[in-house]
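Accompanying notes for the structure given below.
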Amino acid sequence: AAVGAGAVAVVCETMPARLAEEVAYLRVADSSVALGRMASAFYGDPSRSLRLVGVTGTNGKTTTATLLYRLFRSLGYKVGLISTVTYCIDSDRRETHTTPDSVRLNRMMAEMVDRGCEYCFMEVSSHSLVQHRTEGLHFAGAVFTNITHDHLDYHHTFAEYIRAKKMLFDALGKEAFALTNADDRNSAVMVQNTKASVRTYGLRTMADFRCRVVEMLLDGMQLDLDGREVWVKFLGRFNAYNLTAVYATALLLGADRDEVLRTLSGLGPVDGRFESIRSHDGVTAIVDYAHTPDALQNVIDTIDEIRGKDRKLSVVVGCGGNRDRTKRPEMARIAADGADLAVLTSDNPRKEDPEAILAEMKAGLDASSRYLCIADRREAIKAAVALARPGDIVLVAGKGHET
């Protein structure tokens, strides 16, 4: 079909039985790998003209990559961003939904280079690594946030999921840096085969870049970063990790420490990531993208630190269809155990029956659990808000920034 449409060369894994005359055929072991390298060469190796940093992990990728983009723009640089939410070429923002294919990736980066960008921060998903979408890219550094159970519908086992994330670090050159979360038990595994210079960050264990949460209030928290205190407009230990990763990455890229700390204090949360809205009668709603058990637990723990004993918490949560089914009962259990009321609902059921997903979620609950099941997400949110009293908190988990 390609030859019939006018192709003059074919790169393939298996030679066709009949070769067309005046068409060049090149057999390769993996056509996805070949495509990445060809795309990079075609666009003039744009990643080598940028300082490209990849961010991978289960939770915190979008926040970390986006905050790095905002930080370096605030420091006066022209910067590119490629995340699963959006991609930006300096101030030009465009919507996206996943890591682009290797041709689009290189086209984007070539445009960044043409527009004078010096840095690019890229969210790197496990799917994109296994599918070799990042093949041929030259990374100046890579950041590992954490790893918990997710995407087992695709990777099948946790070991395979780890192996997928690890591919980013295995491919780094000796001139690059590998920044990893020392508090995650799989941290050392991620970098065990890397040629890059390994650096660590953490809140609990000894690390090259240390953070301590000094105080947490409703409007932000005081952090101690390597002995220097800074006030940030973020809440939660998970955000302390994200901010420490951002701080460490900036310093590894050569930014001035004092400028970085000053700029961090002015940055605000990413859309749909612990985003709070307060009603006129004092009910607080928090919208967060938490869609894994670990992320949901982190958000609930953060709310517990600031809500006090008299403020009730309701959690609206669902699980996506045609995705990892093992986390469904666990998500429901975490919501029911951590909240005064769990409202189980839909979250992008895709081709599955929403009621069947809810039935699998309910399997994680016991007789003492306080919960409602409302399949219509809009109605579920309405019910949680209607039941809230002044001072109460409603957490809407799952879809985050999605409208």
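Tabulated data for the structure shown
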quantity: Selected residue [over 27 Å from the mean Cα position of the chain (by Cα) and part of a loop (DSSP other than H, G, I, E, B)] from ALA359, ALA367; calculated: ALA367
quantity: Some residue of segment 95-112 being in contact (Cβ under 8 Å) with a residue 40 or more places away in the chain, part of a loop (DSSP other than H, G, I, E, B), buried (at least 22 other Cβ atoms within 10 Å of the Cβ) and of a type in the set (Val, Ile, Thr); calculated: no
quantity: Matching entry among ALA7, ALA17, ALA1 (being in a loop (DSSP other than H, G, I, E, B), open to solvent by less than 50 Å² (accessible area, probe 1.4 Å) and farther than 23 Å from HIS132 by Cα); calculated: ALA7
quantity: Test: residue in segment 35-54 that is among the polar types (S, T, N, Q) and part of a loop (DSSP other than H, G, I, E, B); calculated: no
quantity: Whichever residue in segment 196-215 is touching a helix residue (DSSP H, G or I) at 6+ places or on another chain (Cβ under 6 Å) and under 19 Å from ARG262 (Cβ atoms) and, among such residues, is most open to solvent (accessible area, probe 1.4 Å); calculated: PHE209
quantity: Residue in segment 374-392 that is open to solvent by 70 Å² or more (accessible area, probe 1.4 Å) and under 23 Å from the mean Cα position of the chain (by Cα) present; calculated: no
quantity: For SER125: the one exception among (1) out of contact with any strand residue (DSSP E or B) (no Cβ under 9 Å at 6 or more places or on another chain); (2) open to solvent by less than 40 Å² (accessible area, probe 1.4 Å); (3) of a type in the set (S, T, N, Q); (4) at pLDDT below 95; calculated: (1)
quantity: Criterion violated by GLU160 - all others in (1) over 23 Å from PHE121 (Cα atoms); (2) assigned to a strand (DSSP E or B); (3) open to solvent by 10 Å² or more (accessible area, probe 1.4 Å) satisfied; calculated: (2)
quantity: Among residues of segment 297-330, those that are of a type in the set (Lys, Arg) and open to solvent by 60 Å² or more (accessible area, probe 1.4 Å), counted; calculated: 4
quantity: Pairs where the first residue, in segment 33-45, is closer than 15 Å to GLU111 by Cα and buried (at least 20 other Cβ atoms within 10 Å of the Cβ) and the second is of a type in the set (Lys, Arg) and modelled with pLDDT under 95, C-beta under 9 Å, 6+ apart; calculated: ALA39/ARG104
quantity: Filtered residue count, segment 74-86, keeping only those that are open to solvent by 30 Å² or more (accessible area, probe 1.4 Å) and either among the aromatic types (Phe, Trp, Tyr) or part of a strand (DSSP E or B) (or both); calculated: 1
quantity: Counted residues, segment 184-195 - those being surrounded by 17 or more Cβ atoms within 10 Å (Cβ to Cβ) and in contact with a Phe, Trp or Tyr (Cβ under 8 Å, 6 or more places away or on another chain); calculated: 5
quantity: Of all residues making up segment 212-266, the number that are among the hydrophobic types (A, V, I, L, M, F, W, C) and under 23 Å from ALA140 (Cβ atoms); calculated: 13
quantity: From the options ALA295, ALA255, ALA248, ALA240, residue that is modelled with pLDDT under 90 and small (Gly, Ala, Ser); calculated: ALA295
quantity: Complete set of residues in segment 216-229 that are at pLDDT 95 or above and either charged (D, E, K, R) or surrounded by fewer than 19 Cβ atoms within 10 Å (Cβ to Cβ) (or both); calculated: GLN222, ASP224, ASP226, GLY227, ARG228, GLU229
quantity: Odd one out for LEU71, checked against (1) in a helix (DSSP H, G or I); (2) among the hydrophobic types (A, V, I, L, M, F, W, C); (3) open to solvent by 70 Å² or more (accessible area, probe 1.4 Å); calculated: (3)
quantity: Number of the exception - ASP294 against (1) surrounded by fewer than 21 Cβ atoms within 10 Å (Cβ to Cβ); (2) under 19 Å from the mean Cα position of the chain (by Cα); (3) within 18 Å of LEU217 (Cβ to Cβ); calculated: (3)
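The values are calculated or read from the model by the stated rules, or taken from the named source; none is laboratory data. Predicted, not measured: the structure shown is a model, and the values here were computed from it. Virtual Cβ from ideal backbone geometry, glycine too; neighbours counted across all protein chains shown. Surface accessibility is based on the protein's heavy atoms, side chains included, excluding ligands, DNA and RNA. Shrake-Rupley method; radii C 1.70, N 1.55, O 1.52, S 1.80 Å.
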